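Before any comments, here is the structure.
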């Protein structure tokens with residue numbers, strides 16, 4: 001095939017993809033992920049919903065990503081991380097968890113709005129490119145099999161898979177397993193959350209030979225107290241992981 005023929009062939013493929021995209025937009029008009037109003041293309045928020053989002057930006061704690069009011073210098077840690085350093089190396093979040101973020105995340109988490117995952121992952125990747133650049137593999141916080149059966153999908157796994165694809169690194173959706181069902185964390189205190197998830201995660205046996213020294217990027221949707229992410233990190237460090245970083249869609253800021 002000549003170079004000109006290859007060029008025409010590629011143009012034909014691109015044209016077909018664009019036509020298919022236009023057909024999808026006609027059948028399923030693109031809508032804002034948050035409020036549902038019509039937008040110009042798939043994967044966008046309307047101007048109003050976008051303006052309501054509170055993004056986490058620098059300056060922030062080097063360890064846990066807590067946003068600071070003032071720049072205190074590079075690699076500064078918050079008081080909580082100085083008093084009790086987390087097991088993970090760095091945690092970063094795209095958004096502060098508030099009413100606007102809940103409207104965005106809850107349908108994704110509980111109402112099958114899974115088409116949002118690649119778009120959310122793209123935003124997360126732009127929020128923490130250094131974490132993706134430094135990892136050997138990406139893995140999600142796992143659900144217990146009973147909860148996964150009821151929900152039918154793990155939202156953290158969808159984010160992890162999309163992030164890994166965009167970064168060109170492996171995703172291991174079943175790297176960790178929940179060894180026991182834990183109570184819902186919503187009503188628990190910080191210490192209660194820690195006790196609830198202590199020892200609840202383990203490395204899947206098939207990966208035991210490959211985890212030694214690996215730099216793992218652990219992905220979840222929301223960081224509240226960090227208890228779940230700490231428990232997951234500890235389970236990876238115990239079996240030889242070299243370092244664990246954390247990337248979430250949103251974090252609670254107290």
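The values are calculated or read from the model by the stated rules, or taken from the named source; none is laboratory data. Just so it is clear, the structure is predicted and the values come from calculations on it, not from any experiment. Don't worry about glycine lacking a Cβ; one is built from the backbone with ideal geometry, like all the others, and counts go over all protein chains shown.
Can you go through 162, 241 and tell me which one is within 15 Å of the chain's Cα centre (by Cα) and at pLDDT 95 or above? Break it down into steps so the answer makes sense when it comes.
Working: 241 fails: within 15 Å of the chain's Cα centre (by Cα).
Criteria check complete, one pass: 162.
Quick one: which helices (runs of 4 or more DSSP H) sit completely within the stretch 93-151 and have at least 1 residues that are in contact with a helix residue (DSSP H, G or I) (Cβ under 7 Å, 6 or more places away or on another chain), modelled with pLDDT of 90 or more and closer than 15 Å to residue 45 by Cα? Step through it out loud before you land on a result.
Details: elements: 99-110, 117-127, 129-133, 145-151.
Those helices (runs of 4 or more DSSP H) span 99-110, 117-127.
Could you check, for the stretch 83-90, whether at least one of its residues is within 17 Å of residue 253 (Cα to Cα) and under 20 Å from the mean Cα position of the chain (by Cα)?
Residues of the stretch 83-90 that are within 17 Å of residue 253 (Cα to Cα), as a first pass: 86, 90.
With under 20 Å from the mean Cα position of the chain (by Cα) added as a condition, the list becomes 86, 90.
Yes, some residue in the stretch 83-90 is within 17 Å of residue 253 (Cα to Cα) and under 20 Å from the mean Cα position of the chain (by Cα).
Which of the residues belonging to the stretch 216-236 are assigned to a loop (DSSP other than H, G, I, E, B) and either more than 22 Å from residue 130 (Cα to Cα) or without any contact (Cβ under 8 Å) to a residue 40 or more places away in the chain (or both)?
Taking the stretch 216-236 and keeping what is assigned to a loop (DSSP other than H, G, I, E, B), we get 224-226.
If the condition is that a residue be assigned to a loop (DSSP other than H, G, I, E, B) and either more than 22 Å from residue 130 (Cα to Cα) or without any contact (Cβ under 8 Å) to a residue 40 or more places away in the chain (or both), then 224, 225 are the ones that fit.
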